[in-house]
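The values are calculated or read from the model by the stated rules, or taken from the named source; none is laboratory data. All figures in this text were calculated on a predicted structure; none of them were measured in a lab. Neighbour counts run over all protein chains shown; Cβ positions are idealised from the backbone, glycine included.
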Amino acid sequence: MGKKDLKFNSKTIHGGQEPDKAYGAVMPPIYQTSTYAQATPGGHKGFAYSRSANPTRTALENALASIENGKYGLAFASGLAAIDAVIKLLDPGDEVLCTSDLYGGSYRLFKRIFERYGIVFHFVDMQTTGDLVGIINKKTKLVWVETPTNPMMNIIDIKAVAKITEKHQLLLVVDNTFATPYLQQPLDLGADIVMHSATKYLGGHSDVVVGGLVVKDRVLADKLYFIQNASGAVCGPMDSFLVVRGIKTLHVRMQRHCENGMAVAQYLANHPKIEHVYWPGFEGHPNHDVAKEQMKGFGGMISFIPKGSNLEDTIRIVEKLRLFTLAESLGGVESLVGHPASMSHAGIPKEEREKSGVLDTLIRLSVGIEDKEDLIADLEQALG
Ligand SMILES: *Cc1c(COP(=O)(O)O)cnc(C)c1O
């Protein structure tokens, strides 16, 4: 049986992985080396210098390609380094259309770095794809989609956007960090590039900062590889190893994240002190039908607004939580709580941020894989 034919759960463990050629090590050895001995000038065994390629990174890149149903994977020093490489495909004057409530770091990279180099970014509410068509012009080259969005949990119909990008010959990039390929596989829905902050669910243990890209097309892969090597923000061997290990349990972790996410979302929705819960699994969620269609489950990311609260009350709730650790990031086995307005989204001007719903009273949870009863008890005491 070829490894390409494996189903998803098997791919997380075996996809792109071979026992090591030297001693048959089942896990990829951590090739902690910058360079490789050559028998004659240029006579190396496929690896010459670790910015260009490193066997542990190759193991991760193959695993990424496999779980996303792509052909080529590229691993970077961080999610933002991966995003940086994608935008470097563009030239000054080119225009990009992005989902309006974008990850704060992506927004900062686009607005504060790349706009200085003449690339123009438009932020569009892509929940209705009609809004997209009106902004496309001759300079438009790329569409950047995040779904579910962070932290508002909006859902964007990848297939519907892909129809438009295909018609206008634009590159479609999907940041798949929140959903992971366990829940949705954007390349199968028409995306050209899948991007990951592997720091989150793929790594899964909050012990590493890594980014990844996956594509199907050879020409696009070559261009991205050129940028990866030329710009140099590569993933190191130790970090590559950690993410390969993390991916092996992605499916079991995600299953539990979804289960616990549903329990916590329902608990919050029924709580008298909660104003609103943002979670795509609710039938009343504005894009629930799209979520049901393109995702296998609804994940463990939840945002909510306490009833009648102001900034101070919100901060008090967040500080009172014990099992949910107050910290940046998401997607690890442990539950985290964040306050987007002052943490992950502090870099976005208040006016801009509130337009997409990121109010001072919004709290975001990354529901981990602890016992759900303990998580709910923690919320109960903090809201009490
Ligand atoms: C964290 C994150 C990023 C950035 O990734 P880093 O690994 O922190 O550089 C990009 N997109 C989303 C959705 C994220 O959550």
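If you check SER342 against the conditions, is it assigned by TED's automatic domain parsing to the domain that holds LEU359 and more than 22 Å from GLU380 (Cα to Cα)? Answer is yes for this residue.
Going by the conditions given, is GLY130 surrounded by fewer than 16 Cβ atoms within 10 Å (Cβ to Cβ), on the phi < 0 side of the Ramachandran plot and of a type in the set (Gly, Ala, Ser)?
Details: surrounded by fewer than 16 Cβ atoms within 10 Å (Cβ to Cβ): yes; on the phi < 0 side of the Ramachandran plot: yes; of a type in the set (Gly, Ala, Ser): yes.
For GLY130, the condition - surrounded by fewer than 16 Cβ atoms within 10 Å (Cβ to Cβ), on the phi < 0 side of the Ramachandran plot and of a type in the set (Gly, Ala, Ser) - is met.
Note on region 98-143: residues that are free of Cβ contacts under 8 Å to residues at least 40 places away in the same chain and among the small types (Gly, Ala, Ser) total 3. The listed residues are ALA37, ALA25, ALA48, ALA53, and the only one of them that is of a type outside the set (D, E, K, R), within 28 Å of the chain's Cα centre (by Cα) and at pLDDT 95 or above turns out to be ALA53. Evaluating ASP101 against the criteria (1) within 22 Å of LYS223 (Cβ to Cβ); (2) buried (at least 22 other Cβ atoms within 10 Å of the Cβ); (3) among the charged types (D, E, K, R) leaves one unmet condition, (1). Report whether or not ASP192 is of a type outside the set (A, V, I, L, M) and within 16 Å of the ligand (Cβ to nearest atom). For ASP192, the condition - of a type outside the set (A, V, I, L, M) and within 16 Å of the ligand (Cβ to nearest atom) - is not met. Filtering region 340-360 to residues that are buried (at least 21 other Cβ atoms within 10 Å of the Cβ) and either free of Cβ contacts under 8 Å to residues at least 40 places away in the same chain or among the β-branched types (Val, Ile, Thr) (or both) leaves ALA341, ILE348, ARG353, VAL358.
Please determine, by comparing only the residues of region 167-209 that are of a type in the set (Phe, Trp, Tyr) and within 9 Å of the chain's Cα centre (by Cα), which one is surrounded by the fewest Cβ atoms within 10 Å (Cβ to Cβ). Spell out how you get there, then give the answer.
Taking region 167-209 as the starting set, the residues that turn out to be of a type in the set (Phe, Trp, Tyr) are 178, 182, 201.
Among the residues that remain, those that are also within 9 Å of the chain's Cα centre (by Cα) are: 178, 201.
Values: PHE178: 25, TYR201: 29.
Among those that are of a type in the set (Phe, Trp, Tyr) and within 9 Å of the chain's Cα centre (by Cα), it is PHE178.
Is it fair to say VAL337 is free of Cβ contacts under 8 Å to residues at least 40 places away in the same chain and within 16 Å of the ligand (Cβ to nearest atom)? Yes: the conditions hold for VAL337.
Listed by first and then second residue, the pairs linking a residue in region 177-189 that is within 11 Å of the ligand (Cβ to nearest atom) to a residue that is of a type in the set (Asp, Glu), with Cβ atoms under 9 Å apart and 6 or more places separating them unless they lie on different chains, are THR177/GLU146; PHE178/GLU146. The residues of region 214-251 that are of a type in the set (A, V, I, L, M, F, W, C) and either at positive phi or within 12 Å of the ligand (Cβ to nearest atom) (or both), listed by number, are ALA233, CYS235, VAL243.
Residue selection: LYS88 satisfies the criterion of being modelled with pLDDT of 95 or more, out of contact with any Lys or Arg (no Cβ under 8 Å at 6 or more places or on another chain) and surrounded by 18 or more Cβ atoms within 10 Å (Cβ to Cβ).
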